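Worksheet: one structure, shown below.
Coordinate-derived values only; no laboratory data. Just so we're clear, the structure is a prediction, and the values are computed from it rather than from any experiment. Note that we place each Cβ from the backbone using ideal geometry, even for glycine, and neighbour counts take in every protein chain shown.
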2 protein chains.
Amino acid sequence: MENNLAHAECPAIATIALLGGRWKVIILHVLSKNARRFGEINVRVPSISRKVLTEQLRELEADGLISRKQFGEFPLRVEYALTKYGESLCPLLAYIAAWKKENA
Amino acid sequence: MENNLAHAECPAIATIALLGGRWKVIILHVLSKNARRFGEINVRVPSISRKVLTEQLRELEADGLISRKQFGEFPLRVEYALTKYGESLCPLLAYIAAWKKENA
DNA sequence: CGGGATCCGGTAAGATACTG
DNA sequence: CAGTATCTTACCGGATCCCG
């Protein structure tokens, strides 16, 4: 992640790093259909702990791929959604999935 | 990696896992131009230790993405090259790199 | 409900020295 | 040259408890 030379001559790696967290692709996939609340995401990705889910969401937010909207209600309500940037990733993921099928 | 439900509904993640090792994309990128010897790869990816490089190469080989050819010479000579399967990954990497440029 | 704080164990990664 | 062995460190992910 700190090898700038390699980054320069191989831009793909930065993108892979963006998706590097083992759960991020799944999370993005879940959000690609609808904006979701924390608990909804957690239900759809059962084997992830809340802590890790929180961390991954924060990183995705920091990378500008998702947005976080908190409502001042009670019970608390937080909704996550793809940003434009995050949406632009969807065809890429579809492309990747297609490659997988062709080369299964 | 053990969430089969998620895998089933999101095939892309398996591919990402294939490239998951932080160095694999770089290594594949290096090999995409030419078959390379161990030392040559090491020179082109300086910040990786020999140990980790070895591990990553073994995993890439186990996944069928690269081939390893050992010559019985001295000094020892080992050459790594992309397999057909590995080559099929190149357009995908190019696509990823292109996405990166468009969304920089 | 949606997290944050903390501790803890496993594994990945780095450094170094050695080998066929 | 192309690794292997060993040790140490860094980080990731899980469990639990706590907070607003």
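Legend: Rg and Dmax of chain B, from Cα coordinates, 15.2, 50 Å.
Shown here for the stretch B:1-103: GluC sites (Glu not before Pro) in loop regions (DSSP other than H, G, I, E, B) with at most 15 other Cβ atoms within 10 Å, namely B:E2, B:E73.
Of the Cα atoms belonging to the protein assembly as shown, the radius of gyration and Dmax stand at 19.0, 73 Å. For B:N34, the distances from its label point to the matching points in the remaining copies are 5.5 nm, ordered from shortest, with each point set 7 Å beyond Cα toward Cβ. Here's the picture: a label point sits 7 Å out from the Cα of B:R77 along the beta-carbon direction, and within the stretch B:24-54 the residues with their amide nitrogen under 17 Å of it are B:34-41. For the pairs A:K51/B:K24; A:K51/B:K101; A:K51/B:K51; B:K24/B:K101, note any where the Cα-Cα span goes beyond 24 Å. Check vs 24 Å cut-off fails for A:K51/B:K24; A:K51/B:K101; A:K51/B:K51.
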